[in-house]
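See structure below.
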Amino acid sequence: MISELQPNGKSKNILLFSTDIALPAEQILEYYQARFQIEFIFRDRKQFTGLSDCQCRGIQRLDFHFNSSLIALNLAKYEAYNRHSSPAPFVFSMASYKRLEFNRHLLYTFINKLDLDPNLILNHPNLSSVLSYGTLAA
């Protein structure tokens, strides 16, 4: 059992189980964290980068599709990491990244279609709050 203190002052207990009774608790925790990171990668690949949308049957084509899906996720994470400038730890959500890029595209569409001054809008102090509208709080 692992206990951690939450920001609101309450204690949160986590129960992790293993069939290896000689394994230290820290190692079990590392294994669970790695496992959930892998599950998040597959979830994001299935939901946002089209992992389960392939209709081809050939091994080479399936391999290309699976690799393309993973590359798309990695490139999105890389770009989000490079844009991260906050002192807070980097947290990535493909859902938020997708929403952010959609908002950015929509804003540029409005600027172009309505003949707005891009300098006035892109230099506005509230631009980041407009772009992050609808993203998940980390």
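How do the pairs read when you match residues in segment 56-69 that are touching a residue at least 24 places away in the same chain (Cβ under 8 Å) with residues anywhere that are open to solvent by 100 Å² or more (accessible area, probe 1.4 Å), using Cβ under 9 Å and keeping only pairs 6 or more apart or on different chains?
What qualifies is S69/K46; S69/D53.
From L73, L122, grab the single residue that is open to solvent by 40 Å² or more (accessible area, probe 1.4 Å) and modelled with pLDDT of 90 or more.
From the options L73, L122, the qualifying one is L122.
So, in segment 87-138, how many residues would count as being in contact with a Gly (Cβ under 9 Å, 6 or more places away or on another chain) and among the small types (G, A, S)?
1
In segment 2-23, is there at least one residue being open to solvent by less than 100 Å² (accessible area, probe 1.4 Å), out of contact with any Lys or Arg (no Cβ under 6 Å at 6 or more places or on another chain), of a type outside the set (S, T, Y) and touching a residue at least 24 places away in the same chain (Cβ under 8 Å)?
Scanning segment 2-23 turns up at least one residue that is open to solvent by less than 100 Å² (accessible area, probe 1.4 Å), out of contact with any Lys or Arg (no Cβ under 6 Å at 6 or more places or on another chain), of a type outside the set (S, T, Y) and touching a residue at least 24 places away in the same chain (Cβ under 8 Å).
Quick one: is L62 open to solvent by less than 100 Å² (accessible area, probe 1.4 Å) and either farther than 30 Å from I121 by Cα or at pLDDT below 90 (or both)?
In short, yes.
The values are calculated or read from the model by the stated rules, or taken from the named source; none is laboratory data. In this text, all values refer to a predicted model and were calculated from it rather than measured experimentally. Cβ atoms come from the backbone with ideal geometry, glycine included; neighbour counts cover every protein chain shown. The protein model used for the area step is the full one, side chains on, heavy atoms only, and it has no ligands, DNA or RNA in it. Shrake-Rupley method; radii C 1.70, N 1.55, O 1.52, S 1.80 Å.
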